[in-house]
Ligand code: GLC
């Protein structure tokens, strides 16, 4: 009793003497107190983030901790953050516990490490993780709740393993279909990106578990990364400020409003300036105009890239000075600690003040206190029970079923019972990699044998659902991408023989997974051999189902107008094969709609919100998606025909399900502002809702809009321009015209 009392007195005195240890104090205060106790070296270490490959035994992402390296980085150089790695859940717990024990128990101040991960479509760097659909697929659901749920599942399966800092969501607007990271975006529309992105932020950061730190999301990549002139990753973007404010800023603003705690900077250069050195964007816009006060992280080695890639600075010292001056807080230095040495030199030379360093370290420490890392620095072994749960696979299945888009269906789907002999072929027919895409256990997506066993391929799913059918499958491994031509490949001969005997053909086509610059394309057409296979299949005249598993919309050859079905799956995740099979046999009514424009050719690739003087060409437009059976819209109404710009506008539409199946319908409300001093988009999504209708059910769906949102847009300085005038509101083919007065 006495000892207990004594210990209590000692700990109370210690907390009172060291307020940063007092968890009852606000994070701001605790951070301030701790900051005041830190040396310059300790502070600069907190601004440094290294890759896991710098601290593993074999220098890869494999989770074998090199204790001597980790001690040297944390104890000698005070490094405060690490990122990435891949392996089993148990290994993760051991790996991060090992790192945290050095940081907490073997350093003077015991500041815990903030560990960063790219869990962008589930707990995707953990062998037992649930691989969810990638964002481009998920956004075709037009149901932002799915993003919230995806984030919650990701948090449940990753934070307990020590993955506290998640470099997600991507908030880049996917308006360039060539861009190799399109599949990581929520599509081409700013409102969809804003709603899905902020839902993900809320879902991930809201996750709480007893005796465990909370997670931090990361809004990336600020700003103008996704529409480079050459369409290649990390090449220069030239985007007028007015378009940046109107198209690219809104998703970040929404994430800030949702309370996102951190942000990652665009690696590329924007309008002649590497964003990592841009005081305009990282200070004036981000901090002052947009009011973001979270931690700003560079992307990988991006200070050095301002020297070596952008040639914007003579040397790394100048680049470091520029990045700090612009406003970054932490450098993802990744492979060495040059950043620490340079920072110390710049402070000694008086080029960077300690006060400026204190600003960043205060943000970093405040974040660590806010997340509860000082109280709960360690992973939780109990979290292992969260892995590989059947309900998580079911969540991945539901998400895929709600997102897959039926683009065409001329009387082919659902599969008819008489279709007994089915010939399935193509790279995606029996591939886990094509379903899960990149960022799956490896940056480019692990090889088939390491893909999560819970992944059900399309072939496996179809065989399970149609056991009575005769399946012939041409081994997709034989689809040798190196063979000079399709005709010469043994694959083709095998397939031709099978196709002749079959009642119906299924081709699973698209793209093998890629990441970032590895996906740079110089032709947006579907690759030559797949195009040839598709043309041979069409020439047979047999009913044909084409399934597209791809990171971006590859342009297809001219399609037959009869007995054809086309499904866009993107990278639909580990349950994507089963979701596709359920749609093909008709047990799931497809409900996805394109969150991007599917190009008809490789040249004319404008988004649906092109300017009125432009021409919108497409194979399938933004918002396109078919169901089994029809959904009809009628009597679109507005509460009045004229409004003050200060009013709110009630809109209603009647939606009817005229089919024998329940249907989930994404109701998309567009506007056209008929005249604008700064020319207005031909169409603009202003709201969307997803409704479920029983067979034969009709329902009135209502939207509430602020008139000013319809008639206000940013000018080249980001200032709001409000112009009265006529606006057309459209849902489906229903349209009404309203007038907004000053
Ligand atoms: C990559 C990506 C970024 C990712 C980071 C860490 O280069 O650009 O999205 O979060 O490195 O893996």
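The values are calculated or read from the model by the stated rules, or taken from the named source; none is laboratory data. It should be emphasised that the depicted structure is a prediction, and the values quoted were computed from it without experimental measurement. Cβ placement follows ideal geometry from the backbone for every residue including glycine, while neighbour counts extend to all protein chains displayed.
A few notes on this one:
- Any hit, region 657-665, residues being touching a helix residue (DSSP H, G or I) at 6+ places or on another chain (Cβ under 6 Å), in contact (Cβ under 8 Å) with a residue 24 or more places away in the chain and within 24 Å of residue 150 (Cβ to Cβ): no
- Strands (runs of 3 or more DSSP E) contained entirely in region 547-651, each with at least 3 residues that are buried (at least 17 other Cβ atoms within 10 Å of the Cβ) and more than 29 Å from the chain's Cα centre (by Cα): 631-638
- Among the residues of region 105-123, those that are closer than 17 Å to residue 181 by Cα, within 12 Å of the ligand (Cβ to nearest atom) and in contact (Cβ under 8 Å) with a residue 60 or more places away in the chain comprise 118, 120.
- Selected residue [over 24 Å from residue 51 (Cβ atoms) and part of a helix (DSSP H, G or I)] from 286, 304, 282, 321: 286
- Restricting attention to region 177-216 and to residues that are closer than 16 Å to residue 249 by Cα and not in a helix (DSSP H, G or I), the residue that is nearest to the ligand (Cβ to nearest atom) turns out to be 185.
- Against the list (1) free of Cβ contacts under 8 Å to residues at least 24 places away in the same chain; (2) buried (at least 24 other Cβ atoms within 10 Å of the Cβ), the condition residue 208 fails is (2).
To keep it simple, each residue is scored yes or no on (1) in contact with a strand residue (DSSP E or B) (Cβ under 8 Å, 6 or more places away or on another chain); (2) more than 23 Å from residue 241 (Cβ to Cβ); (3) buried (at least 17 other Cβ atoms within 10 Å of the Cβ).
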{"position": "288", "(1), (2), (3)": "no, no, no"}
{"position": "291", "(1), (2), (3)": "no, no, no"}
{"position": "297", "(1), (2), (3)": "yes, yes, yes"}
{"position": "334", "(1), (2), (3)": "yes, yes, yes"}
{"position": "339", "(1), (2), (3)": "yes, yes, yes"}
{"position": "346", "(1), (2), (3)": "no, yes, yes"}
{"position": "349", "(1), (2), (3)": "no, yes, no"}
{"position": "354", "(1), (2), (3)": "no, yes, no"}
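- Those residues of region 259-273 which are surrounded by fewer than 22 Cβ atoms within 10 Å (Cβ to Cβ) and on the phi < 0 side of the Ramachandran plot, in sequence order: 273
- Unique residue being over 27 Å from residue 375 (Cβ atoms) and in contact with a helix residue (DSSP H, G or I) (Cβ under 7 Å, 6 or more places away or on another chain) when the list is 160, 187, 129: 187
- Tallying residues that are outside any helix (DSSP H, G or I) and within 16 Å of the ligand (Cβ to nearest atom) within region 264-279 yields 8.
- Of all residues in region 217-231, those that are within 12 Å of the ligand (Cβ to nearest atom) and surrounded by fewer than 24 Cβ atoms within 10 Å (Cβ to Cβ) total 0.
- Residue within region 395-407 that is assigned to a loop (DSSP other than H, G, I, E, B) and either buried (at least 21 other Cβ atoms within 10 Å of the Cβ) or at pLDDT 95 or above (or both) present: yes
- Which listed residue, of 93, 74, is crowded, with 17+ Cβ neighbours inside 10 Å, more than 16 Å from the ligand (Cβ to nearest atom) and more than 23 Å from residue 32 (Cα to Cα): 93
- So residue 683, is it in contact (Cβ under 8 Å) with a residue 60 or more places away in the chain, closer than 23 Å to residue 592 by Cβ, more than 27 Å from the chain's Cα centre (by Cα) and surrounded by 15 or more Cβ atoms within 10 Å (Cβ to Cβ): no
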